[in-house]
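Below is one structure, written out as structure tokens; comments come after it.
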Amino acid sequence: MSRFVFMFAAVIMAFSFPAMAETRIGVVDLRQALFSSDDAKTFSESLQKDFAGDEARVREAQEEARKLQERLEKDGAMMNESERNKLAGEFQEKVKEFNFLKQRLDSTVNQRKQAFLEQARHEVDAAVKELLEENNLDLILPSEAVVYVKPEMNLTSQLLEKLNR
């Protein structure tokens with residue numbers, strides 16, 4: 001029986017030697033590379049231009065709601081009940097308007113960001129594959145999944161260069 005166990009262990013060890021060969025692993029911070037790229041900067045500027053008016057309306061509604069709230073807190077005690085109720089109603093309507101505008105803006109911006117990420121995915125995947133081949137790596141991991149990496153194995157700057165080509 002022990003001879004069988006010895007032979008079995010020898011066979012297992014023989015098959016495990018190729019797996020023990022050095023595996024070369026690189027690490028990239030995909031988010032940093034993508035959002036630092038020239039395309040992302042252009043996208044961000046475009047986003048700010050496209051939604052500047054909407055952002056101004058959101059800030060305006062927020063400021064009007066704040067003023068109504070201050071007035072209600074400051075002068076509410078001196079107002080009769082109908083005036084106070086009217087002002088409280090105006091405040092509630094302004095808060096609803098603010099919430100609606102903010103939610104609509106956030107939703108639209110998030111949709112545009114998601115579209116940008118979907119569009120960039122192919123380019124990022126191709127650049128990562130190039131890094132894999134150029135550096136003779138077996139594996140590239142996202143930096144979020146790594147506790148420590150030697151600086152020479154962090155390929156984020158190389159990925160950024162490829163994205164900016």
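Every read-out reported here was derived from the displayed coordinates using simple, explicitly stated rules and does not represent laboratory data. Quantities reported herein were computed from a predicted structural model and do not represent experimental measurements. Here Cβ is always computed from backbone atoms with ideal geometry, including for glycine, and neighbour counts include all displayed protein chains.
Structure above, values below:
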| read-out | value |
| --- | --- |
| Per residue convex hull volume, Cα atoms of the chain, in Å³ | 235 |
| Cα→Cβ-extended label distance, 7 Å offset, between Phe51 and Met78, nm | 4.2 |
| Stretch gain in nm, segment Ser143-Ala88, where the contour uses 0.36 nm per residue and the Cα spacing is subtracted | 14.7 nm |
| Efficiency of FRET from Cβ geometry, Glu63 and Asp38, R₀ 30 Å, rounded to 0.05 | 0.25 |
| Under-5 Å amide H pairs with Ile140, H placed in peptide plane, nonlocal only | Gly26 |
| Farthest positive-ward along region 79-137 dipole, Cα basis, beta-carbon charges - from Val109, Leu131, Asn99 | Asn99 |
| Simple Cβ-charge dipole of region 21-163, Lys/Arg +1 and Asp/Glu -1, about Cα centre, in debye nearest 20 | 540 |
| Degrees separating the helix 52-75 axis from the principal Cα axis of the chain, which is the longest one | 50 |
| Rounded FRET efficiency, nearest 0.05, which uses the C-beta distance separating Lys150 from Glu118 and R0 of 30 Å | 0.35 |
